[in-house]
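Novice: What follows is a single structure, and I will ask about it in a moment.
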Amino acid sequence: MKKILKYILLVLVVGLVVIQFINRPERINEPVTDNDLIETLQVNAQMTDFLKSACYDCHSNQPRYPWYASIAPFSWSIAEHIEHGREELNFSEWATYSARRRDHKLEEMVEEVEEGHMPLPGYLWLHSDAKITEERLEMLKTWVEQERAKISQEAN
Ligand code: HEC
C-alpha cells in the first residue's frame, strides 16, 4: 500500500514538472492609453481603487500577475480568464466602444456584481482586497447611474 502511494505521488510530481513546459501563456502588459475608462471618465479615487483591485486584473490590458501565475495549471486558468474577461469588457478600450455598448456594459457591471458573478468567486477567494462590501456596491450603483445619465444626454 505504502509503495503504491509513493508511486502515485511520484507520478503527480513528475506530471506537474512536465506540464510546466507544455504551454507558457504570454503575459499581457500594455501601456495605459487615453482610451482607458478611468482616464476617459475621470473616475474618482475611491472608484478607481475599487475597479483596479477588483476588476482590472481580468478586464484591462494591465493585469497584475500573482506569483502563482507562473505555475501551470494556474497560469493557464489565469490567462483564460484574462482573455475571456477582456473579450467581454476591456476597460482599457472603453473610449472605443459605442455609446450603446458603454451603456449596456455599465448596466451589466451592476448586475454581475450584485448577483455575485463578478469578480469571479475563485478570484475573490485569493484576493481579499477585491471583496464586494455593501459600501462598494452602493458606490458602484451611484457611479453607474451618473455615467449612464451622461451617456443618455450625449445621445440626445
Ligand atoms: C478573475 C477574472 C475576473 C475578474 C477579477 C472580474 N471579471 Fe468580469 N468577467 C470575467 C470573465 C472570464 C468574463 C466572461 C465570461 C463570463 O461572463 O463569465 C467576465 C465578464 C464580465 C462582464 C460581461 C458580462 C456580459 O455578458 O457581457 C461584466 C459586465 C463583468 N465581467 C464585470 C466585472 C466587474 C465589474 C468586475 C469587478 C468588480 C469583474 N468583472 C471582475 C473575469 C473576471
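The values are calculated or read from the model by the stated rules, or taken from the named source; none is laboratory data. For clarity, every value in this text was computed on a predicted model and none was experimentally measured. Using ideal geometry, Cβ is built from the backbone for each residue, glycine included, and neighbour counts are taken over all protein chains shown. Side chains included, ligands, DNA and RNA excluded: accessible areas come from the protein's heavy atoms. Shrake-Rupley method; radii C 1.70, N 1.55, O 1.52, S 1.80 Å.
Novice: With unit charges on the beta carbons (Lys and Arg positive, Asp and Glu negative) and the dipole taken about the Cα centre of the chain, which residue among LEU120, ILE4, TRP143 sits farthest to the positive side?
Specialist: ILE4
Novice: Now for a separate question. For the chain, what is the accessible area per residue in Å² when the probe is 1.4 Å?
Specialist: Working: 10590 Å² over 156 residues.
Here the residues of the chain average 68 Å² of exposed surface.
Novice: Modelled label-to-label distance, GLU83 and GLN62, 7 Å Cα→beta-carbon offset: nm?
Specialist: 2.5 nm
Novice: Still on this structure, I have one more. For segment 2-155, give the magnitude of the charge dipole about the Cα centre (Cβ charges: +1 Lys/Arg, -1 Asp/Glu; no others), in debye to the nearest 20.
Specialist: On the way: 17 positive and 26 negative charges, 228 e Å.
For this selection, approximately 1100 debye.
Novice: Given R₀ = 30 Å, what would the calculated FRET efficiency be for LEU126 paired with ILE4, taking r from the Cβ atoms and rounding to 0.05?
Specialist: Working: r = 33 Å, r/R0 = 1.10.
With R0 = 30 Å, the Cβ-Cβ based efficiency is 0.35.
Novice: Helix 45-54 against the longest principal axis of the chain: what's the angle in degrees, Cα atoms only, rounded to the nearest 10?
Specialist: Approximately 30 degrees, to the nearest ten.
Novice: Here's something else I'd like to know. Of GLN42, SER152, LEU89, which is farthest on the positive side of the dipole of the chain, counting Cα position, with +1 on Lys and Arg Cβ, -1 on Asp and Glu Cβ, and the Cα centre as origin?
Specialist: LEU89
Novice: Another question about this same structure. If I stretch the segment between ALA155 and GLN20 completely, what's the gain in nm (0.36 nm per residue apart, minus their alpha carbon distance), one decimal? Write down the numbers at each step before the final one.
Specialist: Numbers: separation 135, 0.36 × 135 = 48.60 nm, distance 5.05 nm.
Here the segment from ALA155 to GLN20 would lengthen by 43.6 nm.
Novice: Let me ask something else about it. Based on the alpha-carbon gyration tensor of the chain, what equivalent-ellipsoid semi-axes (square roots of 5 times the eigenvalues) come out, in whole Å, largest first? Don't skip to the end; give the middle numbers.
Specialist: On the way: eigenvalues 291, 59, 30 Å².
For the chain, the ellipsoid semi-axes come out as 38, 17, 12 Å.
Novice: Give a quick list of trypsin sites (Lys or Arg not before Pro) in segment 84-156 that DSSP marks as loop, anything other than H, G, I, E or B, with at most 11 other Cβ atoms within 10 Å. Could you put the intermediate results ahead of the total?
Specialist: Working: sites: ARG86, ARG100, ARG101, ARG102, LYS105, LYS131, ARG136, LYS141, ARG148, LYS150; in loops: LYS131.
Here the trypsin sites (Lys or Arg not before Pro) that fit, given the DSSP loop and packing criteria, are LYS131.
Novice: Just the number, please: carbon plus sulfur as a percent of the accessible area of segment 2-155, 1.4 Å probe, no ligands or DNA/RNA counted. Show your work: numbers first, answer last.
Specialist: Values: 5960 of 10270 Å².
Here carbon and sulfur together make up 58 percent of the probe-accessible area.
Novice: Against the longest alpha carbon principal axis of the chain, how many degrees, from 0 to 90 and to the nearest 10, is the axis of helix 74-88 turned?
Specialist: Rounded to the nearest ten degrees, it is 20.
Novice: Would you calculate, for the chain, the mean residue ellipticity at 222 nm contributed by helices, counting each DSSP H stretch of 4 or more residues as -39,500 (n - 2.57) and dividing by all residues, to the nearest 500? Could the numbers behind the result be given before it?
Specialist: Working: 7 runs with 91 residues, N = 156.
Taken over the chain, the calculation gives -18500 deg cm²/dmol.
Novice: Quick one: if the Förster radius is 22 Å, what FRET efficiency do GLU134 and ALA45 give, using the C-beta to C-beta distance and rounding to 0.05? Walk me through the numbers on the way to the answer.
Specialist: Working: r = 20 Å, r/R0 = 0.89.
Efficiency, rounded to the nearest 0.05: 0.65.
Novice: Now for a different question. If you only keep lysine pairs separated by 8 or more in sequence, or across chains, how many in segment 2-155 come under 15 Å at the Cα atoms? Before the final figure, lay out the partial values.
Specialist: Numbers: LYS52/LYS131; LYS105/LYS141; LYS105/LYS150; LYS141/LYS150.
For segment 2-155, the number of qualifying lysine pairs is 4.
Novice: Tabulate in residue order the Karplus-calculated ³J(HN,Hα) for segment 96-112, using 6.51 cos²θ - 1.76 cosθ + 1.60 with θ = phi - 60°, rounded to whole Hz; enter x for Gly and Pro.
Specialist: For segment 96-112, the Karplus-derived couplings read 8, 7, 5, 4, 5, 5, 4, 4, 5, 5, 4, 4, 5, 4, 5, 4, 4 Hz, x marking Gly and Pro.
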